[in-house]
């Protein structure tokens, strides 16, 4: 049971994908330079944050949800250069972009999109941003589907019982 906003954030942060290695990308048949790997990492992070937000909306009142999301943001900032290997990229700018992604994904869900359709949208964004070659879009979809733990994030959110 996750009893504080910080414990909840740490649990959620531990569950999401971190820096993607060249070997991981190669396992999916994706060739990427370091900058492209960072873009892919950011997109997986954005999609993970979207699913976390959805899960927390289902189980926490707004004040507690915002506390957990604030702590999670702190975890991400702490791991920005190390765990996420996003050295040299603007973290504050990233959070603005992640909020834009959340809106895009939320709109798709309101229009009836499934989790696979949302993952397909993420893969399309990777292609549109030249992080992944067009011919590798299905490989990117497999990567997104495999690495973003939608069900696990929901289960973790269900274990949150903020006290105090």
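Looking at (1) more than 25 Å from residue 24 (Cα to Cα); (2) surrounded by 15 or more Cβ atoms within 10 Å (Cβ to Cβ); (3) under 15 Å from the mean Cα position of the chain (by Cα), find the lone condition where residue 99 falls short.
Of the numbered conditions (1) more than 25 Å from residue 24 (Cα to Cα); (2) surrounded by 15 or more Cβ atoms within 10 Å (Cβ to Cβ); (3) under 15 Å from the mean Cα position of the chain (by Cα), the odd one out for residue 99 is (2).
Condition (residue is closer than 18 Å to residue 12 by Cβ, part of a helix (DSSP H, G or I) and without any contact (Cβ under 8 Å) to a residue 40 or more places away in the chain) applied to region 101-113: is it met by at least one residue?
no
Here's the yes/no breakdown for (1) surrounded by 20 or more Cβ atoms within 10 Å (Cβ to Cβ); (2) in contact with a strand residue (DSSP E or B) (Cβ under 7 Å, 6 or more places away or on another chain); (3) over 17 Å from residue 148 (Cβ atoms):
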| residue | (1), (2), (3) |
| --- | --- |
| 20 | yes, no, no |
| 33 | no, no, yes |
| 38 | yes, no, no |
| 43 | yes, no, no |
| 52 | yes, no, no |
| 55 | yes, no, no |
| 59 | no, yes, yes |
| 65 | yes, no, yes |
| 80 | no, no, yes |
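Name the residues in region 80-96 that are in contact (Cβ under 8 Å) with a residue 24 or more places away in the chain and either under 13 Å from residue 43 (Cα atoms) or within 14 Å of the chain's Cα centre (by Cα) (or both), would you?
Matches in region 80-96: 83, 84, 86, 94.
Restricting attention to region 135-150, which residues are closer than 16 Å to residue 18 by Cα and out of contact with any helix residue (DSSP H, G or I) (no Cβ under 7 Å at 6 or more places or on another chain)?
Residues satisfying the conditions are 143, 146.
Starting from region 151-164, take each residue that is on the phi < 0 side of the Ramachandran plot and at pLDDT 95 or above and list its partners that are buried (at least 18 other Cβ atoms within 10 Å of the Cβ) and part of a loop (DSSP other than H, G, I, E, B), counting only C-beta distances under 8 angstrom and pairs at least six apart or across chains.
153/16; 157/60; 160/60
Specify the residue that is modelled with the lowest pLDDT; the eligible residues are those in region 69-95 that are assigned to a helix (DSSP H, G or I) and more than 15 Å from residue 16 (Cα to Cα).
From region 69-95, those assigned to a helix (DSSP H, G or I) are 69-79, 91-95; that's our starting set.
Going one step further and asking which of them are more than 15 Å from residue 16 (Cα to Cα), we end up with 70, 91-95.
Details: 70: 97, 91: 95, 92: 92, 93: 95, 94: 96, 95: 96.
So the residue we want is 92.
Among the residues of region 151-163, write down those that are in contact with a helix residue (DSSP H, G or I) (Cβ under 8 Å, 6 or more places away or on another chain) and in a loop (DSSP other than H, G, I, E, B).
Of all residues in region 151-163, those in contact with a helix residue (DSSP H, G or I) (Cβ under 8 Å, 6 or more places away or on another chain) come to 152-154, 156-160, 162.
159, 162, listed by residue number.
The values are calculated or read from the model by the stated rules, or taken from the named source; none is laboratory data. Here the structure is a predicted model, which means the values were calculated and not measured. Quick reminder, even Gly has a Cβ in these numbers, built from the backbone with ideal geometry, and neighbours come from all protein chains shown.
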